[in-house]
Amino acid sequence: MIICDGILSDEIYRPDMSEEVKLSKIGFVIGHEITHGFDNLGSMYGKDGSLVVTEDNPYGWFTETDHNAFYEKVQKVVDYFNNIWPVPQNSCIGEIESGEAADDLVKRNT
Ligand SMILES: [Zn+2]
């Protein structure tokens with residue numbers, strides 16, 4: 001996991017914040033980054049960081065049932081982002097947004 005120090009800007013870190021607030025904010029970032037290991041891209045890799053989804057092993061470390069249930073939910077996120085227009089004439093690209101959005105949704109569901 002890599003966390004660029006540029007993220008430690010005003011929202012996440014300011015010298016005038018209490019130690020508790022600083023730790024909670026960086027903990028929030030670390031938690032978010034950890035969930036990337038389980039999103040639609042990260043879940044394609046195993047515990048040692050090597051690609052486990054292959055032609056011979058299309059479900060990686062998922063069971064077929066869990067894989068299908070997971071990608072059913074991923075598709076809902078993709079569809080949602082493909083149908084919102086945050087800026088006129090520029091929709092989001094759900095396939096690109098889905099990993100980041102899924103990680104943010106996990107935070108909101110916990
Ligand atoms: Zn992220």
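The values are calculated or read from the model by the stated rules, or taken from the named source; none is laboratory data. Worth saying up front: this structure is predicted, and the values here are computed from it rather than measured. Heads up, the Cβs are rebuilt from the backbone with ideal geometry, glycines too, and the neighbour counts pull from every protein chain shown.
Going by the conditions given, is residue 3 within 16 Å of the ligand (Cβ to nearest atom), outside any helix (DSSP H, G or I) and not acidic (Asp, Glu)?
Values: within 16 Å of the ligand (Cβ to nearest atom): yes; outside any helix (DSSP H, G or I): yes; not acidic (Asp, Glu): yes.
Spelling it out, residue 3 is indeed within 16 Å of the ligand (Cβ to nearest atom), outside any helix (DSSP H, G or I) and not acidic (Asp, Glu).
Scan 100, 64, 95 and give me the residue that is within 16 Å of the ligand (Cβ to nearest atom), within 19 Å of residue 42 (Cα to Cα) and at pLDDT 85 or above. Reasoning before the result, please.
On the way: 100 fails: at pLDDT 85 or above; 64 fails: within 16 Å of the ligand (Cβ to nearest atom).
Exactly one residue qualifies, and that residue is 95.
Go through the residues of the range 12-25 one by one and say whether even a single one is in contact (Cβ under 8 Å) with a residue 12 or more places away in the chain, within 16 Å of the ligand (Cβ to nearest atom) and closer than 21 Å to residue 96 by Cα. Before you say what the answer is, go through the steps one by one.
First pass over the range 12-25, keeping only residues in contact (Cβ under 8 Å) with a residue 12 or more places away in the chain: 12-13, 25.
Next, only the ones that are within 16 Å of the ligand (Cβ to nearest atom) stay: 12, 25.
Imposing the further condition that a residue be closer than 21 Å to residue 96 by Cα reduces the set to none.
Checked the range 12-25: no residue is in contact (Cβ under 8 Å) with a residue 12 or more places away in the chain, within 16 Å of the ligand (Cβ to nearest atom) and closer than 21 Å to residue 96 by Cα.
Would you mind finding the one in 71, 45 that is under 27 Å from residue 2 (Cβ atoms) and touching a residue at least 24 places away in the same chain (Cβ under 8 Å)? Even if it seems obvious, please write down each step before you answer.
Working: 45 fails: touching a residue at least 24 places away in the same chain (Cβ under 8 Å).
Residue meeting the stated conditions: 71.
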